[in-house]
1. Got a sec? Which helices (runs of 4 or more DSSP H) wholly within the range 152-264 have at least 3 residues that are at pLDDT 90 or above?
2. For the range 150-164, enumerate the residues that are hydroxyl-bearing (Ser, Thr, Tyr) and open to solvent by 20 Å² or more (accessible area, probe 1.4 Å).
3. Find all pairs meeting these conditions: Cβ atoms under 9 angstrom apart; at least six residues apart or on different chains; first residue within the range 248-265 and under 15 Å from Ser189 (Cβ atoms); second residue open to solvent by 60 Å² or more (accessible area, probe 1.4 Å) and not in a helix (DSSP H, G or I).
4. Which one of these is more than 30 Å from Ser62 (Cα to Cα) and surrounded by fewer than 17 Cβ atoms within 10 Å (Cβ to Cβ): Ala137, Ala147?
5. Look through the range 176-186, keep the residues that are farther than 15 Å from Ala94 by Cα and without any contact (Cβ under 8 Å) to a residue 12 or more places away in the chain, and return whichever of them is least open to solvent (accessible area, probe 1.4 Å).
6. Considering each of Gly92, Gly141, Gly106, Gly133 in turn, give the residue that is closer than 30 Å to Tyr222 by Cβ and over 25 Å from the mean Cα position of the chain (by Cα).
7. Within the group Ala47, Ala68, Ala55, which residue is more than 22 Å from Gly219 (Cβ to Cβ) and open to solvent by 60 Å² or more (accessible area, probe 1.4 Å)?
8. Check Ser244, Ser217, Ser189 and return the single one that is open to solvent by 50 Å² or more (accessible area, probe 1.4 Å) and over 18 Å from the mean Cα position of the chain (by Cα).
Amino acid sequence: MSDQPLTHPSDSRRAPGWVAATGSWLPAVILLLATIVVWEAVVRIFAISAFIIPAPSEIAQSLVAQWATLMQATLVTAGEILFGFLVSVVVGVAIALVIVRFDWLGRALYPLVVLFQNVPKVALAPIFILWFGYGLAPKIGLILVIAFFPVTLSMLAGMQSVDRSLLSLMNSVGASPTQILFRIRVPHSLPNLMAGTKIAATLSVIGAIVGEFAGASDGLGYVIQFASTQLDTALVFAALLLVSVLGIAFYYAAEILERIVVPWAPKFSQA
């Protein structure tokens, strides 16, 4: 008998998956570490003041020293992003459905949606503060006006790209416009919609921070503003790091949702 250990048949199938997962993340990790090392070296070699550009080690020290404050601010900002993102998706989907279902209303509404998208969103922040005060509402409103448009546009693109022969077939069997909308157009638009939600997730982070810049007493945007007035550049960078982490987290949460809702949709491949 052979002395070689027995292996499970699935063992040979697991290794390529781990290798592929490692291969997809390893280049990004190596680049990140190299950037940190070069950044630290440049700051130390040229004796750049921490007021201008703090070294990564100084940012890490600030992150540890202000951990409790930053975590509280992160939770506040994350709540604003989540709520605003959900509202943006609901409103964006509703507008897309109205435009497609009611042709006359769609022709009137779509140019207004595009026109509104061209309005500088930063200019709306003081107006929302004036209307809704300094609570949660102005942040949600700002996230909404920033993030709903990619949801609407992506879903519209999906619903309007349905094969005409399929629509003709549904019309020939007596399907109503509403039936065609929810049985044909909406399912066909799901891959586009999920792509739009990933864009909206990242824009929601921007909307929350801009809203906190305009007026807030908590959140990462408030921490960034406060730290800048105190000339604490390391704390500013620490807060920006957490903002970036939130953006990545919400993006990949939307991507996971995409894989669950529309597993047949094409995925980004590095091969």
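1. By residue number, 186-214, 220-229, 233-261.
2. Residues satisfying the conditions are Ser154, Ser161.
3. Between residues of the range 248-265 that are under 15 Å from Ser189 (Cβ atoms) and residues that are open to solvent by 60 Å² or more (accessible area, probe 1.4 Å) and not in a helix (DSSP H, G or I), the close pairs are Glu258/Lys267.
4. Ala137
5. Only one residue fits best here, namely Ser176.
6. On the way: Gly92 fails: over 25 Å from the mean Cα position of the chain (by Cα); Gly141 fails: over 25 Å from the mean Cα position of the chain (by Cα); Gly106 fails: closer than 30 Å to Tyr222 by Cβ.
The match here is Gly133.
7. One residue alone meets the criteria, Ala47.
8. Values: Ser244 fails: over 18 Å from the mean Cα position of the chain (by Cα); Ser189 fails: open to solvent by 50 Å² or more (accessible area, probe 1.4 Å).
Among Ser244, Ser217, Ser189, only Ser217 is open to solvent by 50 Å² or more (accessible area, probe 1.4 Å) and over 18 Å from the mean Cα position of the chain (by Cα).
The values are calculated or read from the model by the stated rules, or taken from the named source; none is laboratory data. Quantities reported herein were computed from a predicted structural model and do not represent experimental measurements. We place every Cβ from the backbone using ideal geometry, glycine too, and count neighbours over all the protein chains shown. Areas reflect the complete protein model, heavy atoms only, side chains present, ligands, DNA and RNA absent. Shrake-Rupley method; radii C 1.70, N 1.55, O 1.52, S 1.80 Å.
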